[in-house]
Structure formats: C-alpha cells, structure tokens
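What follows is calculated from the coordinates using simple rules that are stated; it is not laboratory data. None of the values given here were measured: they were computed from a predicted structure. Glycine also receives a Cβ, built like all others from the backbone with ideal geometry; neighbour counts cover every protein chain displayed.
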Amino acid sequence: MIENADVEYATLRYEVGSDGILLLTLSRPEKLNAFTVEMCDELVHAYTRASKDDSVRAIVVTGEGRAFCAGMDLSVGGNVFGLNESLSPTMEDMRERAADPAILNGVRDTGGRVTLAMYDCLKPIIGAVNGAAVGIGSTMLLPMDFRFASEKARFGFVFSKLGITPEACSTWFLPRIVGIEQALEWTYRAEIFDAQEALAKGLIRAIYPPEHLIDEAREFARSLVKDRSPISIALIRQMMNRNGAQAHPIEAHQVESLAMFYTSRADGKEGVQAFLDKRAPRFSGKASAMPPFFPWFRD
Amino acid sequence: MIENADVEYATLRYEVGSDGILLLTLSRPEKLNAFTVEMCDELVHAYTRASKDDSVRAIVVTGEGRAFCAGMDLSVGGNVFGLNESLSPTMEDMRERAADPAILNGVRDTGGRVTLAMYDCLKPIIGAVNGAAVGIGSTMLLPMDFRFASEKARFGFVFSKLGITPEACSTWFLPRIVGIEQALEWTYRAEIFDAQEALAKGLIRAIYPPEHLIDEAREFARSLVKDRSPISIALIRQMMNRNGAQAHPIEAHQVESLAMFYTSRADGKEGVQAFLDKRAPRFSGKASAMPPFFPWFRD
Amino acid sequence: MIENADVEYATLRYEVGSDGILLLTLSRPEKLNAFTVEMCDELVHAYTRASKDDSVRAIVVTGEGRAFCAGMDLSVGGNVFGLNESLSPTMEDMRERAADPAILNGVRDTGGRVTLAMYDCLKPIIGAVNGAAVGIGSTMLLPMDFRFASEKARFGFVFSKLGITPEACSTWFLPRIVGIEQALEWTYRAEIFDAQEALAKGLIRAIYPPEHLIDEAREFARSLVKDRSPISIALIRQMMNRNGAQAHPIEAHQVESLAMFYTSRADGKEGVQAFLDKRAPRFSGKASAMPPFFPWFRD
C-alpha cells in the first residue's frame, strides 16, 4: 500500500507537470547524487507510485547539479554496499527467501531492487543524463525506454576495477541493448567513456547541449503519449519487455490475444470511432485500472 | 489435411514460378488489401501449403495495387477484430483451450494465427512491400526472413492511437529485429513512417524503385536457394528462429547434432562428393520428407 | 581431471606469455588447419585448461600459416564428421544420454563440444582471424568475446551448399551477434565473404594488416584485464552470456546479488580501498578459486 499524500523524499524530487510528465530528479548534489540504501528505497517507492498515478503519463529522470549519479557512495563506512557480511547466502536463498528481511536487506543488490521496479512500471521512462553516470549511475539507465544525454555526460561500468561485478540487472539489460560484445568490453574494461561513444554504440539515443537536455527529453516524452490510450501504453511497455524475452512467439500470442480482446471493447471502441470520424480520440482508460487479465505474469 | 488441387483464394493470389518462387499476393486492391478474418484463414492455409509444397523453394509476398495492406478492415461492423465480446477469457483459457472453437474464433488474435503459421514455414519468406503497410500490414512483415520495400512503402504500428495493442506476435518479433528501444518508440508513437526510416532502423533490408521491387525480391530469393539442399534450408530456418531464442546453447547443440547426423548421411553425401568433384550438387532431399527427428519441438 | 604438466597437443600450440595472454594456435598448416576429431578433443582440453590456469588472464586464438581453419577435413574417408551412421538417435537420446559414449562419440556434433567448452571458459577469448575461416572455422569464432581479422580473412557458413546444417551451437550464437536476418542470409546463401562484409555486418570488430593482427589482438586482450580482478572478469563473462539469455531480469538479480555479496568482501575490499587511495589495486582473487555460489547453474 503506497500513500503519497505527504510523501517527501530525502534524496529525490518528484514533480508532475500539467503535461503529465513526471520529472524525477536525483537530488544529493553535494554528493554528486551518489547512490545510497535510502535512495534505493525512495526510487523503488517513486517508480511504484508513478506507475499507479494517473496524473503521470511518462517519466523523465535526471540529476541535480553537475552529475547524474556518481555511483554508490563509497564514503559511508562498513560494507559500502549495505550488505550483511555475517551471512553465507546461496542461490536457494535468493530463489526461495528473497522477501525474507535478512536476505532483502542484507544480501539483495540495491540496484537490482530499483531496476526491477522500473521494469514493472506502467509508464515510459526517459533518461536525461546531465553529467557523470558511473557504476549504478550507468546501470540504472538500462531499464529506461530511452536515454538522452548532455554533451557533458560520462558513463562507466567500473565494477571490475573495484573488484566487484555489474549489478542492477545490468547483466540482463546491457547485452540486450548494445549486444554481448559491447557489454563485455565495457564491463571488462571498466573505464569512463563519453557521450559520443555511448551514442555510437547504441547506449543513448541522442546528445543535446546541456541547456536543452531536459526540454528535449520532456518534449519527446510528451510526443509519445499525447492522444494515446494510457492502457495501450502500459500494455505495450510490459508486453515488449516481457514477451520479447520469451523462448517462443506463442507466449506473445496468448498475451496479445487477451490485450486485443479487452482493449478492443474498451478504449478500442473510441479509438476506431475517432479514426473513422477523423478526429482525435478521447480515451477514458486509466493505467490504475488495467484489464482483468493484467498482470498475466506471476513474478 | 490440406488439399490444394482446386484451391481458389478469395483474398490472395498463389502463383508458383518455374524457378521455385511462390509469389503470394494480397489481393483486395479495392480495399487497399485490408485484412479480414477470411484473409487470415487463407494466409494460414497458403503458408502451410507452401511449407509442404516441394515445387516452392522460397516465397515472395507483396500486395496488389497501390497498397501492401492497409491494416484491419475497420468497415466490417460489430467487433471489427472478429472477437466475441460476450466472453471473459483468461490466460488459462489461452494456455489450455487455444484450439477450442470458442477461443480460436472468438478470442485468438487473427494476426497471430498468421504469423505463427509463417514461423512454422519451411521455406524462406521475403517481403516486397509495395505501398502502405499499416497495423497488421506492418506486423505481418516481422516473421519474414527479409523485407524489401518500394520507395512508396509506408509503415505504421498504429495500435495505441486506436486504443488497442500490437498483435501478430509483434511484441516477440519486433524487439528482436530492431531492438527494444525502437520497438517501443514505434509502438508508443503509433505514427506512419517511410521506407527511409524503416531502412535506417533495420526494419527493412533495401529500398527499390517500384518498378524493380518484385524482380529484385525474386532474384534475391532465387539466389538463396539455388543449388542448396531444401532440407538444409528448412532446418536452418527452424533452427535459427527457435534455437536462437533459447536460454542456453546446449539446446542448439542437441538439435544441431541430430540435424548434422541425419543430413550427413543423406544430402550431405552428395554435397561433400560434389565439393570434392568441384561440381554443382544434385540434392534429392525434399522439405515434404524431413528427417525423423523433425519436428523436434512440441509447440 | 586435467593434468597439464606434460601436455603436448598434436593440432594446437598453447603458449602463455609473461603478460598473462595465452596464444592458442590452430596448427595443421599443411592442411589449412582443417578441423578433425582430434582437434576437437584438444580444443576442449585447451579451453578447459586455460579456464583453470591462473597464469592465463585472456586468450588470443589464431591459425598457423595462411588459413585460420579451412573447415572440417573432408579428406578423412568414411563419415567425414566422425558420426556412427549405424545409430538412429532421437531428441531423447540427446537430452538423457549426452554423456553415453555411443552418443558422445558417434552422434554429438564435435564443433558444439568445442563451443560449449568456450562458453564455459572463465577467461576472455579474442579471435585473431588470419585467413580463411570456413564452416567450423567460422562457427568456432562465435562464442569468442571479440573477433579481429586480417585483411586476408575470409568467412563462410557453407553448410547448406554441402547438404548439411550449421553446427557448433551457431544457431544459438549467430543470430544473437548479427541478428536473425543476417544469420539467415549467410547460412542460406552459404557463400564465402570477406573481412569488409564481416565488419559491416558486425561479425568482427576491426580489420588489421596481417603483420599487425596478433599484436593488436594481444594488446587489446591485455588492456581488458590489466589491474582488473580475475574473479570479476570470470563472473562478468559467465553472467553476461548466461543472464542475458534468460526470460526475466530477476534471474540476473539473484546471481548478481550473490556476486556482489561475495566479491564485496573479497577483492572488493581492496578495490574500494585502492580507489579511495587513488592507487592501482592489488587483487588476490584467482579464477581457480571462485566464490562459493559458483557455478550457480547446473548445465
């Protein structure tokens, strides 16, 4: 149960515009927006909230100040990743006891908890990478639908240099976005690279001057959702991400059949009529009230 | 059981050339080849027939007149998608009762029935997109092996504008062809785009002047299958599409081992001998008589 | 059990440099390094050995003389692929009896046995394709992390011309590297193509003059692993290849959580400290002693 009325975040700003665009800003500028366990919890909350908030049609994510996110805050002392080093977790623990507080708080990767919430989100997510995006700053970009960057953006999957490994489900997302070869090079090499390289290799979609970045990302976000059914958009996001990773197209057929069935007798009626009338549709569906077959998956 | 002797299609033309190329033409030119339930049934029949017809080595698909396929025919009245709105189908229905006539005819996506037949086909399929390909006109291109377009071609995954969702297993095929980001943009945005954009983003392979499109597609088709074993071609198509989507390469190893085993003692004998003799091979294998391990899958 | 002290290969050279780079050379130059059952066994041995050999940080693979590997040696007589034609194997045999000597030696694809050993390897593998790479010469490149080629390199997935089918798990690897469309074209068409086409379509990473190929590949290999944790590198290779092919990112989350957990209290301590001290790290982890959750998979 998420109650939003009085939500104040310590590490984020959550601002919904009258155009339906949520501007979600990582906001620890004095720390280059370095990631903490608190920021993890707040990001999970914010994405889950935006998913259910009908005033939000799409999400633009950026960082306050000169960085996007400089990575895990390594200045916190103890196990800097928040892990309980007294445990000896196994794959069985991960599969069977993921919600057990000892595993949830002492073992599970905080970056992965954020990216799984992004994966489940019903709204398009657009990154506006304003500066350095290192470690979790880079891996949290991967579940986004689109990534734009300022000329000042920097990226780095620096884990192997720190003696650790990629996280935030990046070993699932990154090879799907840029291919296995580029995913391996960036994570083996663990160096910082610039926006031009990110663009050339397909990690980002476009580069803008810093002063135009947010406006461009926001305008792009608006253009995707204006006069579109929020139910269609939510189903597209979930169907493309989930069905595209299945072993056989029959899995898509089953879900698509139900999606067409239920939308064709709801927003689809208005959409077809508006098309025949040559006018803009007025959809009444809301992502907070998805069709009865949703969610079709049991994660 | 498919009987072809006297087949006449109402919405298609099925013409096999002496070069082994089937030219399959969507043929409702007065309706811009708009898709109907009848066209669905006929396309499933035609692809299944071509799969078993040894006179067909490869398939070129095009549209009659100025369009390729303008999408679902929205002028038919009632539920334009042919769905039985009195039902309340569930995922269990889709998984357990897909062949039940109530589900088959009243719930299952017609586009998906066509693309699954294309997926199962034993012959290469080459699209020759001569004009507008919208909605199912675009999604039915995705299971094809290669897509060529005329300068006049237009594409559009317009579902969210109509308040519905992508279908025809496109949420499985599209992200595999153009990547998740482009798949999301086209389906969120739901606008018409031209052949240049389709080429730039990898949806199509090449653009030709309208008067050369069919000849180029046909010549390409011929070049793929001439002096090649029809059994090899059929196995390649099924192995690449199916094995490439599995979670582990051992799945490919199991199938490839049997494919090599059975072909090496059949067409493989002739192929190796012809190679050593420096002459063209004379293969006797036929796709109508696949090796005993085929199909290795139980869809 | 692999004993290496006195290993001498008949078809390979295995040379570990003081820089930690293993140069693995296919060495039957009088036969254009054509592949045999003996070479299969020796390659499986060499990759398994390198995987456990802490003096090896990365592997560069090339061919002796003017070819890389001209394909299966078709001059050996009998079933040239080493298959026992008196058997009638089934998918059940492949799934249940893969280690049974009759299946292992008489049915299983030799190329696949090599590429599965490469897939399991804990060290980055870099191809330096010095000349013709045909049939298994091309398919054995696919599980490599990076492929470089000389201007003289030639490639060819020539199976359908010989009446046989692609092997070496190439129906799993190839569509993942170059996309389903290009994978189908090369394997249907079965022609030889040059390094420029391989580069344009993403099969290889770069082309070098023949005299610089090995040095460039070796320098690239060094740049990936210098001052990086061998445990991080090994986990990255296994996690990217395996997790990226799963149906859901939760599979990555489970593995990444354990990988971060165990590395953060081992090489991760030194890595973070070195970062804070602004010095190069001195990692003590070894790929021969992987963390307790490894292997997390049961192949």
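Would you mind working out the magnitude of the charge dipole of the protein assembly as shown relative to its Cα centre, with +1 at each Lys and Arg C-beta and -1 at each Asp and Glu C-beta, to the nearest 20 Debye?
660
Select from region A:258-299 those chymotrypsin sites (Phe, Trp or Tyr not before Pro) which occupy a DSSP coil region and have at most 15 other Cβ atoms within 10 Å, ordered by residue number.
Those satisfying the criteria are A:Phe297.
With contacts defined as alpha carbon pairs under 8 Å and 6 or more residues apart, what's the relative contact order of chain C in percent?
Over chain C, the number comes to 16 percent.
How big is chain C in terms of Cα radius of gyration and Dmax, in angstroms?
Here Rg and the maximum Cα pair distance are 19.8, 67 Å.
Considering only DSSP beta bridges where both residues belong to chain A, give the percentage that are antiparallel (nearest 5).
Antiparallel bridges: around 25 percent, rounded to the nearest 5.
Please give the helix A:249-264 orientation as an angle from the longest Cα principal axis of chain A, in degrees from 0 to 90, rounded to the nearest 10.
Roughly 50 degrees, rounded to the nearest 10.
Pull up the DSSP beta bridges for the protein assembly as shown and report the antiparallel fraction as a percent, rounded to 5.
Close to 25 percent.
For A:Glu197 and A:Lys278 in the same chain, what is the full-extension length gain: residue separation times 0.36 nm, less their Cα-Cα distance, in nm?
Gain on stretching A:Glu197 to A:Lys278: 24.8 nm.
Report the extension gain between B:Arg95 and B:Arg298 in nm, rounded to one decimal, defined as 0.36 nm multiplied by the number of residues separating them, less their alpha carbon distance.
Taking 0.36 nm per residue and subtracting the Cα distance, the gain is 71.7 nm.
If you average the C-alpha positions of region A:117-194 and of region C:177-223 separately, how far apart do those two centres end up, in angstrom?
The distance from the Cα centre of region A:117-194 to that of region C:177-223 comes to 26 Å.
Nearest 0.05, what FRET efficiency do C:Asp41 and C:Ala289 give at R0 = 25 Å with Cβ-Cβ as r?
E(calc), rounded to 0.05, equals 0.40.
Could you tell me the distance between the Cα centroids of region A:45-103 and region A:243-264, to the nearest Å?
Cα centres, region A:45-103 to region A:243-264: 30 Å.
Only helical DSSP H runs with n ≥ 4 go in: add -39500 (n - 2.57) per run for chain A, normalise by residue count and round the 222 nm mean residue ellipticity to 500 deg cm²/dmol.
Only helices count here, giving -12500 deg cm²/dmol.
Would you work out the relative contact order for region A:230-298, in percent, from Cα pairs under 8 angstrom that are 6 or more residues apart?
37
Could you give the nm distance between label points at A:Glu85 and A:Asp54, where each point is 7 Å from its Cα heading toward the beta carbon?
5.1
Net charge near B:Gly202, counting Lys/Arg +1 and Asp/Glu -1 over other residues with Cβ under 12 Å of its Cβ?
Cβ neighbours under 12 Å give a net charge of +2.
Rounded, prolate or oblate: which one fits region A:135-176, using the alpha carbon gyration tensor with axes a ≥ b ≥ c (rounded when a/c is under 1.5, else prolate when a/b beats b/c, else oblate)?
Taking the square roots of the gyration eigenvalues as a ≥ b ≥ c, region A:135-176 is oblate.
Connecting C-alpha atoms closer than 10 Å in a GNM of chain A, tell me which of A:His248, A:His45, A:His212 has the biggest fluctuation.
Fluctuation is largest for A:His248.
Taking every residue in C:99-108, how many Cβ atoms of other protein chains lie within 10 Å of its Cβ, on average?
If you average over the peptide's residues, the count of other-chain Cβ atoms is 1.
With an 8 Å cut-off on Cα pairs and a minimum separation of 6 or more residues, tell me the relative contact order of region C:143-273 in percent.
26
Looking at chain A, how many pairs of lysines come closer than 20 Å at the Cα, when each pair is eight or more places apart or spans two chains?
Counting lysine pairs in chain A gives 12.
Please report the Cα spread of the protein assembly as shown along all three principal axes, rounded to whole Å, starting with the longest.
81, 74, 46
Which order results if A:Asp267, B:Asp19 are arranged by neighbouring Cβ count within 10 Å, fewest first?
Ranked by crowding around the Cβ, least crowded first: B:Asp19, A:Asp267.
Other chains' Cβ within 10 Å of B:120-131 residues: what's the mean?
0
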